[in-house]
Amino acid sequence: MLSPAGMLFVTIGVHAEKAESVVRSLHESGLVEIRGVHDGPGENAPALTPGERAGYTTASIDYRLKMDRILAAVAETRPERRPTLRDLFVRPSHDPVPVAGLPFRDAAGDFDRLVREGGRAIALQQELAGLKEREAEIDADLRAVGYLRPLAVHPEHLGTSAYLTVLAGTVPRDAAKEVGGALGGLGIEEMLVLSHTVDETAVYVVATVNEHLPAVEEALRRVPWEPVSAPGLAGSPDDVFYRLDAKRSAVRERRKQIVEEAEAIASDREDVWRAYREEAEMVREEGEIFGLAGVTQETVVIEGFVRVSDRENLEALAERASGGCSFCRFSPPDPARTSVPVAYENPAWAKPFEMLTSMFAVPRYGGIDPTVIIAPIIVFYFGFMLGDAGYGLVLAIGAFFGYRLLGQTDRSIRDLSLIMLACGVSGILFGILQGGFFGDLLPRFFGIEMRFAIVDPLAQPVEILVVALAIGVVQINAGLALGLWQNVAAHQVRRGIFEQCSWFILQPAAAVLAVGFLGWATLPAAVEILAAIGAVTGIGMIFVAHGPLGAFRLTNFLGDWLSYTRILALDLATLGIALTINILTGMIAAIHPWLVVVAVVFAVVAHTLNLLLQALGGMIHSLRLQYVEFFGKFYTGGGRAFAPFAAKRRFSVRPGGDERW
């Protein structure tokens, strides 16, 4: 549990006729990280010919792209659905659709049939897109004719004839005087100007002889003129308007019919299309694995890594999938010759925190995995720093909704939501113990006392400081102990003595000397002499190990210890700011009864900002105490995460498991 999972290097040999079956079974099981036979040093590579990806790989890619096109068409024809309150509490579910449990070459007929069925969805989407464009054109024509109706101007009269030009356009209502001034200043008698106003828009129709057209156009360029045109339309404005409105109604009716038909098709076939799109992707991944294999005339050889705990499962799987025509050979990996992947092996409650370990560095293979140690510590520190039950409650509720809404499809969001949920609960517990619920909201405004409070950080900061420093001593020494364990396990006993044991000698000696120096207690002379000897010995060992840089080791250690005072600082910051918010809220409400609403709004906004600030600070500083003060004493990262060849399915399932293959 304190180390990553043990790994084995595995060589799987299988008769060529059974290779597809074994690869598919490996894919569904997710037991093995497959490595290219010729990608690294290996004893099998010289005797094997590099493999090539399966011939059906290209066809599977083609089918996947076709399914993508069909699903995109379905999505574009479906009306947008607004989320409801039910979505917050009801987890979206997808019942896996059984896909053809046959080799891909035999299942191609199913794919072809689904592609033909999807052709109707694509046709509907294309027709719908055309109707949307047509409706936009009709809307533009209706808008233009609507401008002309009050002036009784026929749309076909707009434009230039042999002797006359008729222009129509709009300007903002407040620019109407500019139009009148610009046109009136031309002094043209052979010109007719008609106008009216619609809401905040002024509409103009200007008719003039062609010889004056350049001057009119120049005048209109000096104002915010937007031309209005209605090409291809003829008749009285009322008749044209009614015809266009009828056409738009027909278009909308057809769009409605398309959406209904597309929705019916989607409800019947979309899950199947999604499943087979997913299956095509699985087949592609399986086909490409053969390019990593080594082959002989009758055999396919696959190499990779498997957890020690999965050895028997892998042997049984290969035996079953190949019908007894395979072998598995296992050997301990040599980290000096090859990059051994690292697989976490933690209990379920600690798995969400693996992302925090990886965010710093993936553990080195054979090293320490600190996830189970830091998981409860981070939750504890965060709650201690937040120290407010109200903030913790809001945070826990927000994390719960994040888990329900987004955590079902994204593992990172799921893990982060679970971490913040645990941190929110911790904040509630520490808030109860410290008497904080949005600061002093309850006693100040409702006269309710926090009955279970045992400490007030604002009144008893020294007690909190002592606890924080004591926690620092414990965690720092736990890190030193883990570092010593690693050195002893690696047969580096001398390094462990000088780098870790030196601190175990120095710390108690320094503590005894500090007690006597500060007058906290009167100690026997012999004890003080032994403490002085221990201090000199510890310091000497540090300088032996690090030379002159040992001085920096001493100051760094002291800095690491004092860094734990940030627990007190953030605890006081949360409560102090919350208290200030409540004081200001009371002052605003006391000015006038009408300002009570303003005071409430201020309190909600201010407490929200304080929660965001303190939650961010609490998480950052909790992680910092792990990454810098704790990990710095023992942790060696630089590992490579285990990446098994695993089928990531959401919508499909192969009936009968690997036996059907």
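The values are calculated or read from the model by the stated rules, or taken from the named source; none is laboratory data. What you see is a predicted model; the values in this text were computed from it and never measured. Cβ atoms come from the backbone with ideal geometry, glycine included; neighbour counts cover every protein chain shown. Ligands, DNA and RNA are stripped out before the accessible areas are found, and what is left, the full protein with its side chains, is counted by its heavy atoms. Shrake-Rupley method; radii C 1.70, N 1.55, O 1.52, S 1.80 Å.
Just to be sure I understand, if you calculate volume of the Cα convex hull per residue in Å³ for this structure, which of (1) 312; (2) 298; (3) 178 do you get?
(1)
Only four residue types carry charge here, +1 at the Cβ of Lys and Arg and -1 at the Cβ of Asp and Glu. Report the dipole size of the stretch 305-414 about the Cα centre in Debye, rounded to the nearest 20.
Taking the Cα centre of the stretch 305-414 as origin, the dipole is about 160 debye.
At R0 = 60 Å, how high is the FRET efficiency between residue 65 and residue 359 if r is their beta carbon distance? Nearest 0.05 is fine.
About 0.95, to the nearest 0.05.
Scan around residue 32 for amide H atoms under 5 Å from its own, H built in the peptide plane at 1.01 Å from N, and keep only partners 5 or more places away or cross-chain.
Under 5 Å from the amide H of residue 32: 645.
On the protein heavy atoms, probe 1.4 angstrom, tell me the percent of accessible surface of the stretch 532-634 carried by carbon and sulfur.
Exposed carbon and sulfur together represent 82 percent of the surface.
Residues with amide H under 5 Å of residue 653's amide H, sequence separation 5 or more or different chain, H placed in the peptide plane at 1.01 Å from N; which?
97, 99
Of 297, 342, 358, whose Cα points farthest to the positive end of the dipole of the stretch 249-387 (charges on the beta-carbon: +1 Lys, Arg; -1 Asp, Glu; origin at the Cα centre)?
Sorting the options by dipole projection puts first 358.
What does the extension gain come out to for residue 246 and residue 485, with contour length at 0.36 nm per residue minus their alpha carbon separation?
My answer for the length gained is 77.6 nm.
If I stretch the segment between residue 478 and residue 597 completely, what's the gain in nm (0.36 nm per residue apart, minus their alpha carbon distance), one decimal?
37.6 nm
What trypsin sites (Lys or Arg not before Pro) does the stretch 157-221 have in DSSP loop regions with at most 11 other beta carbons within 10 Å?
Within the stretch 157-221, the qualifying trypsin sites (Lys or Arg not before Pro) (loop, at most 11 other Cβ atoms within 10 Å) are 221.
If I model a spin label as a point 7 Å beyond the Cα along the Cα-Cβ vector, how far apart are those points for residue 562 and residue 330 in nm?
So the two model labels end up 5.3 nm from each other.
Taking the stretch 255-321, which GluC sites (Glu not before Pro) meet the DSSP loop condition and have no more than 11 other C-beta atoms within 10 Å?
298
Please give, to one decimal in nm, the separation of the simple spin-label points placed at residue 649 and residue 495, each 7 Å out from Cα toward the Cβ.
It works out to 4.7 nm between the two label points.
HN-Hα J couplings of the stretch 18-26 from phi, Karplus 6.51/-1.76/1.60, θ = phi - 60°, integer Hz, Gly and Pro as x?
Computed from phi, the couplings for the stretch 18-26 are 9, 5, 4, 4, 5, 4, 5, 5, 4 Hz.
With every protein chain left in place, what is the accessible area per residue of the chain in square angstrom, probe 1.4 Å?
Each residue of the chain exposes 51 Å² on average to a 1.4 Å probe.
What spacing in nm lies between the two simple spin-label points modelled at residue 156 and residue 110, each 7 Å away from Cα in the Cβ direction?
6.1 nm
Collect residues whose amide H, placed 1.01 Å from N in the peptide plane, falls under 5 Å from the amide H of residue 388; neighbours closer than 5 in sequence don't count.
Amide H to amide H, under 5 Å and 5 or more residues apart or across chains, residue 388 pairs with 431.
Run the helix sum for the chain: -39,500 (n - 2.57) per DSSP H stretch of 4+ residues, divided by residue count, reported at 222 nm to the nearest 500 deg cm²/dmol.
-19000 deg cm²/dmol
What is the extension gain from residue 339 to residue 590, computed as 0.36 nm multiplied by their sequence separation minus the C-alpha to C-alpha distance, in nm to one decimal?
Here the segment from residue 339 to residue 590 would lengthen by 83.5 nm.
Roughly how big is the chain's charge dipole about its Cα centre, with Cβ charges of +1 (Lys, Arg) and -1 (Asp, Glu), in debye to the nearest 20?
The calculation lands at about 1440 debye.
For the stretch 316-327, just list the computed ³J(HN,Hα) in residue order, Karplus coefficients 6.51, -1.76 and 1.60, θ = phi - 60°, integers in Hz, with x standing in for Gly and Pro.
Rounded to whole hertz, the list is 5, 5, 5, 4, 5, 5, 9, x, x, 9, 7, 9.
Could you run the Karplus curve 6.51 cos²θ - 1.76 cosθ + 1.60 with θ = phi - 60° over the stretch 614-623 and give me ³J(HN,Hα) per residue in whole Hz, x for Gly and Pro?
So the Karplus estimates, Gly and Pro as x, are 6, 5, 5, x, x, 5, 4, 6, 5, 5 Hz.
In the neighborhood of residue 268, defined by Cβ-to-Cβ distances under 12 Å, what is the net charge if each Lys or Arg adds +1 and each Asp or Glu adds -1?
Net local charge, residue 268 excluded: -3.
Using a Förster distance of 25 Å, how high is the FRET efficiency between residue 192 and residue 143, based on the Cβ-Cβ distance and rounded to 0.05?
With R0 = 25 Å, the Cβ-Cβ based efficiency is 0.60.
Rank 522, 437, 44 by how far each Cα sits towards the positive end of the charge dipole of the chain (+1 on Lys, Arg Cβ; -1 on Asp, Glu Cβ) and give me just the farthest.
Value: 522.
So, R0 is 60 Å and r is the distance between the beta-carbons of residue 467 and residue 316; what FRET efficiency does that work out to, to 0.05?
It comes out at approximately 0.70.
From the residues 72, 501, 184, which one has its Cα farthest along the dipole of the chain in the positive direction, the dipole being from +1 and -1 charges on Cβ of Lys/Arg and Asp/Glu about the Cα centre?
Ranked along the dipole, the leading option is 501.
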